[in-house]
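For reference, the structure is listed below as structure tokens.
The values are calculated or read from the model by the stated rules, or taken from the named source; none is laboratory data. All of these numbers come straight from a predicted model, not from anything done at the bench. Here the Cβ positions follow ideal geometry from the backbone for every residue, glycine too, while neighbour counts run over all protein chains shown.
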Amino acid sequence: MDNLLKLITEELYGTIPSQIVFLLASRNQMQLKQIQVATGLNLSDIKNALILLIQQNIIYKENSEKPKKSHSTSNTATNGIKNLASSLQEKTDKKTAQISTYSIHPEEILSRVRFPRFIKLMNQKFNENGIIEEILENGCMTVAQMIEVSPVYKRKADNNHLTNLINSLIESEYLIPVDPNFELGENIEVKKEKKNLGKPRKRVKIDPEIKNEPQISSAIPSSSSNNSVHYRLNFQKLNREIISEMIGNLANFKVNIEASVIAETLYKLGPHRQFSINEIIENLPPKPKINKNNVDTLLEQLERAKLVTLSSQTTYSLDLPSIRSILQNSTIEKIIKGRFGDYHSRIFRVLIAKGLLDEKTISELTLLPPQEARICINDLFTSGFLHLVQLPTLMVYGIKPEQIKEELTNQLYISMQNLKLRLHSEMEEAWNLVQRVGSLTNEEKSQLERYKQTEARIESALLDIDRSLLIFKEI
């Protein structure tokens, strides 16, 4: 995990921030001087990297007070009374000094993989991604800074729509305020120019038009906005939006599109709360239009699909344990299918539905020849997807979803790390071609195009892994 956190940080913010993240991931909490001793980096570079990481909400600072040591006193007769009075005063009112320690938010770093999904989601909801990308790049911004970087502002067009959009994002809690104080308490001067924190591995997608080396964002708020409120994207709300969409897609698959709207509405109202039919109808979105007379029928269908429970005679709630089980088992089945094939996933699906089964019954229910079934069962057993239970008369196989989920979570992090390493290698090779984009041969242009396709496949695979992790950890 530590190496994965380092890779993600280096890809986006450079080598020096990644070294600090790697260190804090293994040491938990450290002071500034301890970081300098452990890394051997220049103190100014460390401070600038910490400012960047604090603004990105990757690192947080905690201040604590440490009593200062008492000064030694003279025991001479002349100063005895004066020293005694001073000593008593120090005991009752000790001077204190602040100590700052730094720690990391691992989940904040891992959420960087989800940024393309966040941008797509916000674009679908508000038809805007320019401001969102700027906020994600800078960590947090004031309203004035958001307006300044907007293409609408640069075109000197009417800013009313832009201001209303930002206010809407704040009111709906997609943007949340953060502490605007990014100083480290070390009396350093925060410069406005960009800091040299090491070349990030990948700041932009491979593009033949890019000719200059990509640079990192300053990550320092302008001095004119020090007294203004800074806002950052609410990752928790965005995660809930993604989960809501997953639940809606599941309801659409199990029932229909209208049922998916009701399921998403229940989740947004409160996944653990109970609601009457009238409350559900009042909170349905205007589009797509749902016939209110059909809500009863749709809720019954969702209940039969084990997505909704009738909590009383008149109130309904989401059946989150069932939804969680369906989504997680479906994800495990997809992983098994990708790793082994259709036969193995068929066996897993039958065991999930039927429980403990012997080898002969598995063969019959999956319609697989006994020998083929035995091979598949052995593959799944040796890989940890099945467990063996000895009954008095025979041996049966079963599934332990929680155990599988825990093991797969670790494997998914390893796969994500390997893909990041592969992406870094591909980008390094492609960068040499990008630097000479104006003088490439036809063969080199084809090679660059292949690099772009490889990058797209790797990033798609990373998003698939991230989706699986979201299902295993957040639902």
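Out of 352, 362, report the one residue that is touching a strand residue (DSSP E or B) at 6+ places or on another chain (Cβ under 9 Å), in a helix (DSSP H, G or I) and not assigned by TED's automatic domain parsing to the domain that holds residue 262.
On inspection, the qualifying residue turns out to be 362.
For the condition of a type in the set (Val, Ile, Thr), within 20 Å of residue 465 (Cα to Cα) and not assigned by TED's automatic domain parsing to the domain that holds residue 246, what is the one hit in 347, 336?
Of the residues listed, the single one that is of a type in the set (Val, Ile, Thr), within 20 Å of residue 465 (Cα to Cα) and not assigned by TED's automatic domain parsing to the domain that holds residue 246 is 336.
With (1) part of a loop (DSSP other than H, G, I, E, B); (2) closer than 20 Å to residue 467 by Cβ as the list, and residue 392 as the residue in question, which single condition is left unmet?
(2)
Of (1) at pLDDT 95 or above; (2) closer than 24 Å to residue 243 by Cα; (3) not polar (S, T, N, Q), residue 310 satisfies all except one. Which?
Here residue 310 clears every test but (1).
So is residue 300 in the same structural domain as residue 259 (by TED's automatic domain parsing), of a type outside the set (Phe, Trp, Tyr) and at pLDDT below 95 or not?
yes
Okay, residues lined up against (1) acidic (Asp, Glu); (2) farther than 26 Å from residue 246 by Cα:
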| residue | (1), (2) |
| --- | --- |
| 322 | no, no |
| 330 | no, no |
| 333 | yes, no |
| 365 | no, yes |
| 375 | no, yes |
| 380 | no, yes |
| 391 | no, yes |
| 396 | no, yes |
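Just wondering, is there one or more residues in region 358-372 that are within 20 Å of residue 325 (Cβ to Cβ) and loosely packed, with under 14 Cβ neighbours inside 10 Å?
There is no residue in region 358-372 that is within 20 Å of residue 325 (Cβ to Cβ) and loosely packed, with under 14 Cβ neighbours inside 10 Å.
Out of the residues in region 35-51 that are touching a strand residue (DSSP E or B) at 6+ places or on another chain (Cβ under 9 Å) and not small (Gly, Ala, Ser), which is nearest to residue 112 (Cα to Cα)?
Result: 50.
Out of everything in region 45-61 that is outside any helix (DSSP H, G or I) and in contact with a Phe, Trp or Tyr (Cβ under 8 Å, 6 or more places away or on another chain), what residue ends up being surrounded by the most Cβ atoms within 10 Å (Cβ to Cβ)?
56
Has region 430-444 got any residue that is assigned to a helix (DSSP H, G or I) and under 21 Å from residue 335 (Cα atoms)?
Scanning region 430-444, I find no residue that is assigned to a helix (DSSP H, G or I) and under 21 Å from residue 335 (Cα atoms), so the answer is no.
Give the residue that is farthest from the chain's Cα centre (by Cα), with candidates limited to residues of region 225-239 that are more than 28 Å from residue 270 (Cβ to Cβ) and modelled with pLDDT of 85 or more.
By that ranking, first place goes to 229.
With the condition being more than 25 Å from residue 53 (Cβ to Cβ) and at pLDDT below 85, I'd like the helices (runs of 4 or more DSSP H) fully within region 129-194 carrying at least 1 qualifying residues.
Qualifying helices (runs of 4 or more DSSP H): 143-149, 151-154, 160-171.
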